[in-house]
1. Restricting to segment A:58-90, and then to whatever is hydroxyl-bearing (Ser, Thr, Tyr) and either surrounded by 17 or more Cβ atoms within 10 Å (Cβ to Cβ) or modelled with pLDDT under 90 (or both), can you tell me which residue is farthest from B:Ser9 (Cα to Cα)?
2. Exactly one of these conditions fails for A:Met20: (1) without any contact (Cβ under 8 Å) to a residue 24 or more places away in the chain; (2) surrounded by 13 or more Cβ atoms within 10 Å (Cβ to Cβ). Give me its number.
3. Taking A:Ala55 as the residue in question, decide whether it is within 14 Å of chain B (Cβ to nearest Cβ) and surrounded by 14 or more Cβ atoms within 10 Å (Cβ to Cβ).
4. Take the residues of segment B:35-48 that are among the aliphatic types (A, V, I, L, M) and either touching a Gly at 6+ places or on another chain (Cβ under 7 Å) or surrounded by fewer than 17 Cβ atoms within 10 Å (Cβ to Cβ) (or both): which is farthest from B:Ser94 (Cα to Cα)?
5. Kindly list the number of the only condition in (1) away from chain A (no Cβ under 14 Å); (2) without any contact (Cβ under 8 Å) to a residue 40 or more places away in the chain that fails for B:Leu77.
6. Is there a residue being of a type in the set (Val, Ile, Thr), at the interface with chain B (Cβ under 9 Å from one of its Cβ atoms), closer than 23 Å to A:Leu23 by Cβ and free of Cβ contacts under 8 Å to residues at least 60 places away in the same chain anywhere in segment A:76-89?
7. Which one of A:Leu38, A:Leu31, A:Leu18, A:Leu26 is away from chain B (no Cβ under 14 Å), more than 30 Å from B:Gln37 (Cα to Cα) and under 13 Å from the mean Cα position of the chain (by Cα)?
8. Given the conditions (1) at the interface with chain A (Cβ under 9 Å from one of its Cβ atoms); (2) part of a loop (DSSP other than H, G, I, E, B); (3) of a type in the set (Gly, Ala, Ser), report the number of the one that B:Gly4 does not fulfil.
Amino acid sequence: MNSALTAVVIAISVAVGLAMVVLALLDRRPLTAVLGGLLLVEAAALAQVLWAVVAVLRGQRPDSGVIFTGYALASLLVPPVGAVWALAEKSRWGTAAAGISCLVLAVATVRLRQVWG
Amino acid sequence: MDQGRPTASGPGRLLVLVYGVFALSASARAGYQLATQFAEAAVAYVLSAVAALIYIVATVSLARSGPASRRAWQVALAACTVELLGVLTVGTVSLLVPSEFPDATVWSGYGQGYGFVPLVLPVLGLLWLRHTAPGRATGRRREVGR
């Protein structure tokens, strides 16, 4: 895995996730900011998976293709599923759930890098 | 009488999300282990599958429990209780008899491979279930039957 790219993805998802947790602690639920943050995180996840697809097309292979594919699909699914689940909650806990979704993507990205080898 | 409040609202929103993440990751992990490496550590991998199943049941029942479904609250209570007993038992056994666990399960070492979230999760789940229990808002004990 391109370590600069994964570092950027981890940095974005941790920053956005922590910002949302702080907003939740402040009892805020800024819809536009939360949606924008989740979109940014999803874009980062997408860039990462596209990088991997291009790398595979060029002949590179992860250590375990099955596990890598699983984590790649999960990383793409986490932000939108988290968004739908979080935004249905009309309280600070919705913001918190959105933030945790971003942090889950950070963890998935760490695993993606490990599994790539 | 009071039918309890939805367990998926308020803090429960966060709880169900974390349960969902564990349901997904534990299922994927167990499925992969059982399909490819079953012979290497049968006990550990069967336990992984059991853990995954419990996470799925807990996630679904916590997401559904509320005034419309008291049964879901009871199922969630059972799932979280089994989950807590599971993580305590597997955690203890994995430390006492590490040879039975050549590869880690989600509950090995009380879930230390997952930042001890598997140990904290059922405790939070049970506390939340007590908070959302049917009959609680009126100060009455849970009634028998319906």
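1. Taking segment A:58-90 first, the residues hydroxyl-bearing (Ser, Thr, Tyr) are A:64, A:69, A:71, A:75.
Now restrict to residues that are either surrounded by 17 or more Cβ atoms within 10 Å (Cβ to Cβ) or modelled with pLDDT under 90 (or both): A:64, A:71, A:75.
On the way: A:Ser64: 39, A:Tyr71: 28, A:Ser75: 25 Å.
Among those that are hydroxyl-bearing (Ser, Thr, Tyr) and either surrounded by 17 or more Cβ atoms within 10 Å (Cβ to Cβ) or modelled with pLDDT under 90 (or both), it is A:Ser64.
2. Status for A:Met20: all satisfied but (1).
3. Details: within 14 Å of chain B (Cβ to nearest Cβ): no; surrounded by 14 or more Cβ atoms within 10 Å (Cβ to Cβ): yes.
No; evaluated as a whole, the condition is false for this residue.
4. In the first step, residues of segment B:35-48 are kept if they are among the aliphatic types (A, V, I, L, M); the result is B:35, B:39, B:41-44, B:46-47.
Checking the rest, the ones that are also either touching a Gly at 6+ places or on another chain (Cβ under 7 Å) or surrounded by fewer than 17 Cβ atoms within 10 Å (Cβ to Cβ) (or both) come to B:35, B:39, B:42-43, B:46.
Values: B:Ala35: 23, B:Ala39: 18, B:Ala42: 14, B:Val43: 11, B:Val46: 14 Å.
Checking each candidate, the answer is B:Ala35.
5. (2)
6. First pass over segment A:76-89, keeping only residues of a type in the set (Val, Ile, Thr): A:78, A:81, A:84.
Now restrict to residues that are at the interface with chain B (Cβ under 9 Å from one of its Cβ atoms): A:78, A:81.
From the residues that got through so far, the ones that are closer than 23 Å to A:Leu23 by Cβ too are A:78, A:81.
Next, only the ones that are free of Cβ contacts under 8 Å to residues at least 60 places away in the same chain stay: A:78, A:81.
Yes, some residue in segment A:76-89 is of a type in the set (Val, Ile, Thr), at the interface with chain B (Cβ under 9 Å from one of its Cβ atoms), closer than 23 Å to A:Leu23 by Cβ and free of Cβ contacts under 8 Å to residues at least 60 places away in the same chain.
7. A:Leu18
8. Failed condition: (1).
The values are calculated or read from the model by the stated rules, or taken from the named source; none is laboratory data. Every value quoted in this text rests on a predicted model; they were computed, and no experiment measured them. Cβ: placed from backbone, ideal geometry, glycine included. Neighbour counts: every protein chain shown.
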